[in-house]
Structure formats: C-alpha cells, structure tokens
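The values are calculated or read from the model by the stated rules, or taken from the named source; none is laboratory data. Remember, it's a predicted structure, so these values are computed and weren't measured experimentally. Neighbour counts are summed over all protein chains in view; Cβ atoms, including those assigned to glycine, are modelled from backbone coordinates with ideal geometry.
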Amino acid sequence: PWLVNANLQVTVIPSAASRRTDRQQTLESRAEKLRNQLLYFRLTNRHLIKNIENFDNCGLTPQMRHLAEALTAALVDNPEVRQEIVPLLRPQDEHVRAEQIVAVDSNILEALLVFCHEGKQHKLRVNEITDESNNIRIGRGETLLLSPEEVGIALNRRLGLFTKRDGVGKRLILDSDTQALIHELAYRYQVPSAESGEIRCQYCRRGGNTSGTV
C-alpha cells in the first residue's frame, strides 16, 4: 500500500548534444553582439577614419604600412597612441626587410645556378638573370617581380658577383671562379636546388663538400 503514495523522482541529465547546442547558441549570441558593436563603432567613427594619418611616406614596407593603417583605424579616439604606432613597428619592419633581402638574393642565386648547369653561356646580361629570377618567382606564386636595377645591386653590393659593362650593357662573366662562388653562396643561402643533393657539375661537388650538405 505504501507504494501507492510514494513519489517517484527521476533525475534527467542533459545529453552531450544538448550541452553542445547550448554552448553553440551562447557563442553565436556573443559573436552577434560583438559584430553589432564593431558595426556601431565603424558607423560612429567613419568620418574620423577617413581623416586618419596617411602612411604612404612613413618608410615602412607595404605589409607593415597596411598593419599601421589597420591599427590606427582602431584608435581613432586616441591620437597619442596613434603617434607611437610607426616607431613601435619599425623593429619588426627591419626584420621583414632583412627576410625580403635574403629571399631576393636566394632567388637570384637559384637563377644563376640554372645558367651554370646549362653551360650554354659564358657571359650573362643582367636582364637575362632578371628574367630567369622572375620566372622562378612566378612559378612559386610570387607577385612582386624584380627589376634589372635591383638584380644589379644584389649582385654587386651584397653577393660580391661583380658585373662588367660592355657595349650592350652590364654582364656577369661565368668563369670558373665565379661559378665556384655562385655555388658556395647557394649552399650558404640554402637555395632549394642546391640543397637537393643532386650533383650537376664539379662546383656542386665542391660546394657540397664545403657546406657538408652533399
């Protein structure tokens, strides 16, 4: 008889799917609130954003200049902090420049290796080196191409591969010493085609023994 008046209590635990749904709804609600706040900020400060500093002549690289513009747009109501953006970004900008220079020099060395291994030309015009360098860059999806002036500066000032002027223009003489130096630099810069371990000529062997790569 006592069973007739007993109360049956059952504890129901929410399923994992239910908890995930609640969590997802909470996240979506917060995301929507943030989107609305950002939209309000943008509409309210649109006239100020149009009048923020122009970074075209600040001396930063393009990608760092875009970052400075984005940071400034988020600080329209704080001119003191905006003034510090460019100085704060300069150390990172110098690092970016150094990486770009190394990438350019490596690209030029890779192009020079192509000419060394083809063995068809003893004299290379700077324009020919530029074209081959840009072909490699295009093949790797690069959009920024090199000019003959940039290649000439890299050869003479940074790589120590000195060109000579003749009646046609500036040329690089591919004598034995120059080819040996090109290979030595290619291993030092870890140029992909040099790092492959493939021995294409006597200078590949010499470069490999020097660097311990081949």
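Here is a yes/no grid of residues against (1) surrounded by 14 or more Cβ atoms within 10 Å (Cβ to Cβ); (2) at pLDDT 90 or above; (3) over 19 Å from E184 (Cβ atoms):
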| site | (1), (2), (3) |
| --- | --- |
| N78 | no, no, yes |
| R97 | no, no, yes |
| V104 | yes, yes, no |
| C116 | yes, yes, no |
| N135 | no, yes, yes |
| I138 | no, yes, yes |
| L145 | no, yes, yes |
Criterion violated by A74 - all others in (1) surrounded by fewer than 13 Cβ atoms within 10 Å (Cβ to Cβ); (2) of a type outside the set (D, E, K, R); (3) farther than 29 Å from T163 by Cβ satisfied: (1)
Residues of the range 185-205 satisfying the condition of being surrounded by 17 or more Cβ atoms within 10 Å (Cβ to Cβ) and in a helix (DSSP H, G or I): L185, A186, Y187, A194, Y203, C204
Pairs, first closer than 15 Å to D131 by Cα in the range 149-166, second of a type in the set (V, I, T) and part of a loop (DSSP other than H, G, I, E, B), C-beta under 7 Å, six or more apart: G152/T163; L155/T163
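Scanning for something among the acidic types (D, E) and closer than 26 Å to G197 by Cβ, does the range 141-160 turn up at least one residue? Write out each step before concluding.
First, pick out the residues of the range 141-160 that are among the acidic types (D, E): 142, 149-150.
So of that shortlist, the ones also closer than 26 Å to G197 by Cβ come out as 142.
Yes, the range 141-160 has at least one match.
Per-residue answers, yes or no, for (1) polar (S, T, N, Q); (2) farther than 18 Å from I136 by Cβ; (3) more than 14 Å from the chain's Cα centre (by Cα); (4) in a helix (DSSP H, G or I):
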{"residue": "F55", "(1), (2), (3), (4)": "no, yes, yes, no"}
{"residue": "R82", "(1), (2), (3), (4)": "no, yes, yes, yes"}
{"residue": "P87", "(1), (2), (3), (4)": "no, yes, yes, yes"}
{"residue": "R90", "(1), (2), (3), (4)": "no, yes, yes, yes"}
{"residue": "L109", "(1), (2), (3), (4)": "no, no, yes, yes"}
{"residue": "L112", "(1), (2), (3), (4)": "no, no, yes, yes"}
{"residue": "C116", "(1), (2), (3), (4)": "no, no, yes, yes"}
{"residue": "Q121", "(1), (2), (3), (4)": "yes, no, yes, no"}
